[in-house]
Amino acid sequence: MADRKHGVHAPPTETTIRSADWDSLELSGESHHRVLFQDVDMTELVNHGSSFEECQFRNVRFNVSVHEDARFLNCTFTRCSLFDATFRGCKLTGSMFDGCTYGLLKVEGGDWSYAGLPGADLRGSAFHGTRLREADLTGARLEGAEVRRCDLSGAWLHSADLTKCDLRGSDLSTLDPHTVTLKGAIIDPFQATVIAAALGLDVRT
């Protein structure tokens, strides 16, 4: 399992939901604390404002699910499938992802600060207006992804592949262009100045 930042261990769970069929279920305002979800099918689930705190999701299928104003605080996702899942205005602060698949993941707004996505294959995913402060994106594959208007301040991006990634409007103030792949990345004029300065260039007008 990938390590959490600073070696923090995942919280223990107290109850288990195993092999349940939540396919196409609609949740609204539910609250779950320290629950282990094992082999649960949440395909096409619709989640309005439910809260999952310090929960663990193992082999859970989130495919084509939609989550709005939901909270997944300090949760752990292990070998989960998030194909074409949508998170709107959700808070995933401190959550950790390990061995998951993400094809066409869509994240709109919300707070993913301190989230752990090391080595995640996020090709083709989209993050728009999302707070990703100090998120662990070490070695993440973001080729062709969209990371628009996101707060990446303090994010760990070492060895991340940003080839042809659309980064316009995002905070790149702590990005080290020497440690990432930026070939073909799409940036705006202000970001170009920030990156040029990080490369040691003398930018003048």
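Nothing in this text is a laboratory measurement; each read-out follows from the coordinates by a stated rule. Predicted, not measured: the structure shown is a model, and the values here were computed from it. Glycine gets a Cβ as well: all are built from the backbone with ideal geometry, and neighbour counts include every protein chain shown.
Multiplying the residue separation of Phe83 and His9 by 0.36 nm and subtracting their alpha-carbon distance yields 24.0 nm. Over all pairs of different C-alpha atoms in the chain, the reciprocal of the mean inverse distance, the Kirkwood hydrodynamic radius, equals 17.3 Å.
Taking neighbour Cβ counts within 10 Å as the exposure measure, how do Ser31, Ser51, Ser95, Ser113 sort from fewest upward?
Working: Ser31 10, Ser51 15, Ser95 25, Ser113 19.
So the ranking, lowest neighbour count to highest, is Ser31, Ser51, Ser113, Ser95.
The C-alpha atoms of the chain define a longest principal axis, and helix 189-198 lies at about 80 degrees to it.
Using the Karplus relation 6.51 cos²θ - 1.76 cosθ + 1.60 with θ = phi - 60°, the per-residue 3J(HN,Hα) values for the range 62-68 come to 9, 3, 6, 7, 10, 10, 10 Hz, with x marking Gly and Pro.
Each label point was placed 7 Å from the Cα along the Cα-to-Cβ direction; for Asp176 and Ser159 their separation is 1.3 nm.
Number of Lys-Lys pairs in the chain under 21 Å by Cα, sequence gap 8 or more or different chains?
4
With both labels modelled 7 Å from their Cα along Cα-to-Cβ, the Ala198 to Ala20 distance reads 4.2 nm.
Other residues within the sphere of radius under 15 Å centred on the Cβ of Asp188, judged by their own Cβ, net out at 0 (K and R +1, D and E -1).
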